Amino acid sequence: MGFDIIGKLLNLRKMHILHLFGVIYLEKYRRWRKELKESTKKHFKRAGWLLFYLYIILLSYFLFFSEHYGRSYTTEGYRYNLVLFKEIRRFIQYRHQLGIESFVVNVLGNVLAFAPYGFLLPLIKKKYRGFFKIMFLSILFSLMVEVIQLFLKVGIFDVDDIFLNTLGGVVGYIIFAISHAIYLRRTHKKRGKRGK
């Protein structure tokens, strides 16, 4: 009978040791998963910054240096448009005479050129997440571009461009917000399935 009690205690002790090893293993596994997740986030963030820098370089090239868009020469005087929708109306009204490329580049191109700004900025920095933040930053960035164009006498300072660029930044942010919401919903569903 004494050996029976000792045997039960030893079995109980083995169970506790196995349980302890299981807990330690699970904890190590959780730490490893967390470290992997953090590492993935860091790589993702670095890739986001790299894309953002490449975007700024390409945008700068097209806005200030591209010969195809007439940036290889400077004008004699300062050229500007301070009347909102004047140039947009002109490009829409005379699109057949100006050509479809000119219309697409000047109207749709100004929107599409700033969409990555509105998408990438909140992706790489959480503090830039917010509709009005991105709208304000898009206005500032576009204004900066237009002022540089004015002083370098490359292109035209155009309030229509500021409007269209801001619209592009906002469109980019809306695409980011929808994509981010879908991502969060999917990760919450996966977590819910794991918990069940």
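What follows is calculated from the coordinates using simple rules that are stated; it is not laboratory data. None of these values were measured; they are calculated from a predicted model. Methodologically, a virtual Cβ is constructed for each residue, glycine included, from the backbone with ideal geometry; neighbour enumeration extends over all protein chains shown.
Within the stretch 85-118, how many residues turn out to be polar (S, T, N, Q) and surrounded by fewer than 18 Cβ atoms within 10 Å (Cβ to Cβ)? Give the steps one after another, and end with the answer.
Residues of the stretch 85-118 that are polar (S, T, N, Q), as a first pass: 93, 97, 102, 106, 110.
Cutting the leftovers down to surrounded by fewer than 18 Cβ atoms within 10 Å (Cβ to Cβ) gives us 93, 97, 102.
Of the residues in that region, 3 qualify.
Picking from L82, L164, L137, L123, which residue would you name as being touching a residue at least 24 places away in the same chain (Cβ under 8 Å), out of contact with any Cys (no Cβ under 6 Å at 6 or more places or on another chain) and surrounded by fewer than 19 Cβ atoms within 10 Å (Cβ to Cβ)?
Details: L164 fails: surrounded by fewer than 19 Cβ atoms within 10 Å (Cβ to Cβ); L137 fails: surrounded by fewer than 19 Cβ atoms within 10 Å (Cβ to Cβ); L123 fails: surrounded by fewer than 19 Cβ atoms within 10 Å (Cβ to Cβ).
When all the criteria are applied, what remains is L82.
Given E87, E35, E101, which one is in contact with a strand residue (DSSP E or B) (Cβ under 8 Å, 6 or more places away or on another chain) and part of a helix (DSSP H, G or I)?
E87
V147: within 29 Å of F65 (Cα to Cα), over 13 Å from the mean Cα position of the chain (by Cα) and surrounded by fewer than 16 Cβ atoms within 10 Å (Cβ to Cβ), yes or no?
Considered against the rule, which asks whether it is within 29 Å of F65 (Cα to Cα), over 13 Å from the mean Cα position of the chain (by Cα) and surrounded by fewer than 16 Cβ atoms within 10 Å (Cβ to Cβ), V147 comes out as yes.
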